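The values are calculated or read from the model by the stated rules, or taken from the named source; none is laboratory data. All values reported here derive from a predicted model rather than from experimental measurement. Cβ placement follows ideal geometry from the backbone for every residue including glycine, while neighbour counts extend to all protein chains displayed.
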Amino acid sequence: MKRMLASIDAGVLLMLVSSLLFAFMGVFAKLSSATLPSLEVVFFRNLLGVLLIAATLLRTPMRHVGGKPLLLIFRGVMGFAALLAFFYNIAHIPLGDAMTYSKTSPIFTAIFAWLFLQERLSWQGWVAVMIGFAGIVLIAKPTGMGLSKTDWLGIFSGVGAALAYTSVRELRRYYDTRAIVLSFMVTGTIAPLLLMIGAVYLAPAPEWDFVMAPFVMPQGVTWFYLLGMGIFATLAQVYMTRAYGASQAGVVGAASYANIVFAMALGWLMGDALPDVLGFAGVVLIVAGGLLVAKKSGGSKML
């Protein structure tokens, strides 16, 4: 066993650990969502992150030139919106499906980088994008021209994350990494608070439950679920960062798709149904499209 582990690329091994931890984060998010609105789960997810990053600032203050406040705000808003859509889907559809939708972000990132950052996308890259879109269609299985709310939110979780990642490529030139992460986590803490307060006074229609819901005080074991979600999310981020520092980004990025498999397995243990034949085909196409996009774009760390 030790020889087998030693033969695996260090970065790949670290990313596999990160992917498993992210899948466990999804499990605890799903368990928390059984009694709490998704908006509130996002709030607690980001609150712990803000506290952890704030602790690092006490030891090492941020150093950066700044100068892009609107782009920084945009990154925070899009990251929060994508996470909210992702967590809503975790609560309402199989964990593997929610994870698969979120992993479409590299496909959309390639398009946005081509549109806004003038990054070259070869014809092979466009083929990869089309493969990924075909996978989305197979998973969503639209009837006529219609998609369900969770389908739309699933697609947006990929689009929103892609917009956030694309903005990070530019922001890294101006800001400390912690400032970029804080823009997302602070937004993801303040915005849910405002939306939960608004839900009390505005009484939104039920179909708006994904974005507005009143605060529900966690009880008993739910506190444990929230703590577990925060711990696994933080550890997953740490291992992911270490993975990209240990090996080539393209190789490590390919290994990150393992979290779909882990999420499906853990979701199945929780009672989720496995995808049907078309669903499995969609997952394969999305993974293939994402891998090809990453390869053709040089394996960017942000993918």
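Scanning the range 222-248 for residues that are buried (at least 17 other Cβ atoms within 10 Å of the Cβ), of a type in the set (Phe, Trp, Tyr) and under 15 Å from residue 40 (Cβ atoms) gives a single hit, 225.
Listed here are the residues, each with its yes/no results for (1) of a type outside the set (A, V, I, L, M, F, W, C); (2) more than 27 Å from residue 280 (Cα to Cα); (3) in contact (Cβ under 8 Å) with a residue 60 or more places away in the chain.
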{"position": "36", "(1), (2), (3)": "no, yes, yes"}
{"position": "46", "(1), (2), (3)": "yes, yes, yes"}
{"position": "57", "(1), (2), (3)": "no, yes, yes"}
{"position": "67", "(1), (2), (3)": "yes, yes, yes"}
{"position": "91", "(1), (2), (3)": "no, no, yes"}
{"position": "95", "(1), (2), (3)": "no, no, yes"}
{"position": "99", "(1), (2), (3)": "no, no, yes"}
{"position": "109", "(1), (2), (3)": "yes, no, yes"}
{"position": "114", "(1), (2), (3)": "no, yes, no"}
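Taken together, the residues in the range 96-125 that are surrounded by fewer than 17 Cβ atoms within 10 Å (Cβ to Cβ) and either under 19 Å from residue 263 (Cα atoms) or at pLDDT 90 or above (or both) amount to 0.
In the range 253-265, the residues that are under 13 Å from residue 97 (Cβ atoms) form Cβ pairs under 8 Å with partners that are among the acidic types (Asp, Glu) and surrounded by fewer than 21 Cβ atoms within 10 Å (Cβ to Cβ), at six or more places apart or across chains, as follows: 264/272. Looking at this structure, is residue 161 small (Gly, Ala, Ser) and either under 21 Å from the mean Cα position of the chain (by Cα) or assigned to a helix (DSSP H, G or I) (or both)? Against the criterion (small (Gly, Ala, Ser) and either under 21 Å from the mean Cα position of the chain (by Cα) or assigned to a helix (DSSP H, G or I) (or both)), residue 161 qualifies. The number of residues in the range 88-139 that are under 30 Å from residue 39 (Cβ atoms) and outside any helix (DSSP H, G or I) comes to 4. Within the range 151-203, the set of residues being under 26 Å from residue 217 (Cα atoms), at pLDDT below 90 and among the β-branched types (Val, Ile, Thr) comprises just one member, 200. Filtered by the rule that a residue be within 15 Å of the chain's Cα centre (by Cα) and part of a helix (DSSP H, G or I), the range 242-261 gives 253, 258, 259, 260. Every condition in (1) assigned to a loop (DSSP other than H, G, I, E, B); (2) among the aromatic types (Phe, Trp, Tyr); (3) in contact with a Ser or Thr (Cβ under 9 Å, 6 or more places away or on another chain) holds for residue 174 except the one numbered (3). Taking the range 206-221 as the range and being surrounded by fewer than 11 Cβ atoms within 10 Å (Cβ to Cβ), free of Cβ contacts under 8 Å to residues at least 12 places away in the same chain and farther than 14 Å from residue 34 by Cα as the test, only 206 passes.
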